[in-house]
Amino acid sequence: MDEVLKAVKERRSIRTFLKKDIPEDLIKKLIEALIWAPSAGNLQARKFYFVKNREVKIKLAYAALSQMFIAEAPIVIVGCIDKEKIYPRYGERGINLYAIQDVACSITNAMLVAHENGLGTVWVGAFREEEVSKILNLPRHLRPVVILPVGYPAYIPSAPPRVSVREALEFIE
């Protein structure tokens, strides 16, 4: 099986983390994964915040509807769209779709690179945006769209069931 597909199939959502720091070389790999993702018009209308500060992580966890496992991860990445970069070329569709897709591509890359290097992640989309913006003191042109806790897994769940190919897609010939 090729390595990327293997990583896609083996990666799990991790919500329990060991109290172990992530080495700088792995952080650099995560950064590369984020930056090298494709983006609409190659505008790269996205920004990422790497949060290590415990108090800030706790605030983010509460803003994420009290999902406290967020605060236990050594690093929390907050992915934001940059409305100023995307709007001039793509207007509202750029803000409401393309930039979100760009961040999603970046975060997926980071999740796979994290998995490949023994780290665990979980996509968190349930959070109060305005509260996260205040916690991180984001400028008005940035909108947070994902919170990604990253750390060494304390527990790896088994694979959840998947829908059948027949249920998931249609071939149109």
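Summary table below
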{"item": "Inter-part distance where the range 1-17 and the range 87-146 are each reduced to a Cα centre, Å", "result": "20 Å"}
{"item": "Percent of Cα pairs exceeding the 16 Å cut-off, where the set is the range 121-165", "result": "58 percent"}
{"item": "Inter-site label distance for Leu65 and Arg89 at 7 Å from Cα along Cβ, in nm", "result": "3.4 nm"}
{"item": "Relative contact order of the chain, defined on C-alpha pairs under 8 angstrom at six or more residues apart (%)", "result": "34 percent"}
{"item": "Distant-in-sequence amide H partners of Phe17 (H built 1.01 Å from N, under 5 Å)", "result": "Ala154"}
{"item": "Reachable lysines from Lys134, criterion Cα separation under 19 angstrom, eight or more residues apart if same chain", "result": "Lys47, Lys52, Lys57, Lys59, Lys83"}
{"item": "FRET efficiency estimate (nearest 0.05) - Cβ-Cβ, Lys20 to Gln101, R0 41 angstrom", "result": "0.80"}
{"item": "Percent of alpha-carbon pairs separated by more than 19 Å within the range 23-153", "result": "46 percent"}
{"item": "Point-to-point label distance, Arg166-Trp123, nm (Cα→Cβ direction, 7 Å offset)", "result": "2.7 nm"}
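Rule-based calculations on the coordinates, nothing more; no lab input. Remember, it's a predicted structure, so these values are computed and weren't measured experimentally. Note that we place each Cβ from the backbone using ideal geometry, even for glycine, and neighbour counts take in every protein chain shown.
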